[in-house]
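For reference, the structure discussed in these notes is given below.
The values are calculated or read from the model by the stated rules, or taken from the named source; none is laboratory data. Bear in mind the structure is a predicted one, so any value in this text is a computation, not a measurement. Every residue, glycine as well, gets a Cβ built from its backbone with ideal geometry; the counts of neighbours run over all protein chains shown.
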């Protein structure tokens, strides 16, 4: 048991923040390593165990935090590990490791600390919608508290030292999770890719690096942290990246409504029809159809469907959540049937 309510949506999928129709969530993550220890990819089991012990001693005592859960990731079964990945609380890399590793999360899932992933610590704060400044303020506060108790590896010239050179400096990674169905339908998603490339940003899929954009959901993040302050990176991201991408998507939605209404209505009503009647649904198909349905509801082309139900289904149809909900292990064909049944029941 990991002590989380997996039947609810996490902070990253709550849809309550500013510009939440396009910006699903904002995440700020800091990479930190402890002085006197090898980086995680060179540390032996004994060193990693010491790092886990130090994290448990100090991270659970963060001021103002009485809702923290300690999760020994190394002792979790594969299903619970995958559940945490699906909730965007830990990475696939941490879930798949075979060395001492752990995570600290709060119950509303807006904060998580990964221990012994690529770096000793990955401090993460997530906020629904476009709330980069708010997320930064919270992660900075947590970083200060941990830094008072633990000696982070720091160089006077290079800044915070990290296992990957692209994180050296501030160690900050800013990212936004975006729902871009109109740009996909109008085949203008390349505009976002080009804009990201021009601004030296990385555009990734549903689960970040190396993943696909399931359900028309993308993640955009900064690629380097050296040579710029946190304030500068935050300003460029919040005032440059986010408004530009949001504008692209909203323009594409306007084009669909004003000039290509038949295409829009066909896709969103077709999605609703399939979701309400299908008996077998693979994950990628289910997420694509839910994406179109979400767009139809937001644009007022579909009535009688609660958008919170759609967001909850985006979580519940994923493999670990589906099996946890049903309380049994399912192979792939059984999951396709169970997924379709769950969606039909929720949209009834």
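Applying the selection to the range 16-33, what residues are within 20 Å of residue 111 (Cβ to Cβ) and surrounded by 20 or more Cβ atoms within 10 Å (Cβ to Cβ)?
Going residue by residue through the range 16-33, those that are within 20 Å of residue 111 (Cβ to Cβ) are 16-18, 20, 23-33.
Scanning the range 16-33 gives 23, 24, 25, 26, 27, 28, 29, 30, 31, 32, 33.
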Check your understanding: For residues in the range 83-96 being more than 11 Å from the chain's Cα centre (by Cα) and under 25 Å from residue 147 (Cβ atoms), which is surrounded by the most Cβ atoms within 10 Å (Cβ to Cβ)?
Key -> 94
Study note, to complete from the structure: Checked against (1) at negative phi; (2) surrounded by fewer than 16 Cβ atoms within 10 Å (Cβ to Cβ); (3) not assigned by TED's automatic domain parsing to the domain that holds residue 173, residue 320 satisfies every condition except (2)
Review point. Do we find a residue being assigned by TED's automatic domain parsing to the domain that holds residue 170, farther than 24 Å from residue 96 by Cα, touching a helix residue (DSSP H, G or I) at 6+ places or on another chain (Cβ under 8 Å) and part of a strand (DSSP E or B) anywhere in the range 63-78?
Key: no
Review point. For residue 334, are the conditions met, namely being under 23 Å from residue 5 (Cβ atoms) and over 26 Å from the mean Cα position of the chain (by Cα)?
Key: no
Revision key, fill the gap. The residue that is surrounded by the fewest Cβ atoms within 10 Å (Cβ to Cβ), considering only those in the range 337-348 that are within 24 Å of the chain's Cα centre (by Cα) and without any contact (Cβ under 8 Å) to a residue 60 or more places away in the chain, is 346
Point to revise | Residue that is free of Cβ contacts under 8 Å to residues at least 40 places away in the same chain, assigned by TED's automatic domain parsing to the domain that holds residue 152 and under 21 Å from residue 9 (Cβ atoms), where the choices are 95, 135 | key: 95
Check your understanding: Within the range 112-134, is there a residue that is in a helix (DSSP H, G or I) and buried (at least 21 other Cβ atoms within 10 Å of the Cβ)?
Key -> yes
**Study point:** Filtered residues of the range 15-29 (kept if assigned to a loop (DSSP other than H, G, I, E, B), at negative phi and in contact with a helix residue (DSSP H, G or I) (Cβ under 7 Å, 6 or more places away or on another chain))
**Key:** 21, 22
Review point. Is at least one residue of the range 272-279 closer than 29 Å to residue 5 by Cβ, crowded, with 17+ Cβ neighbours inside 10 Å and in the same structural domain as residue 136 (by TED's automatic domain parsing)?
Key: no
Practice item. Report, by residue number, each residue of the range 161-188 that is part of a helix (DSSP H, G or I) and in contact with a helix residue (DSSP H, G or I) (Cβ under 7 Å, 6 or more places away or on another chain). Key: 181, 182, 183, 184, 185
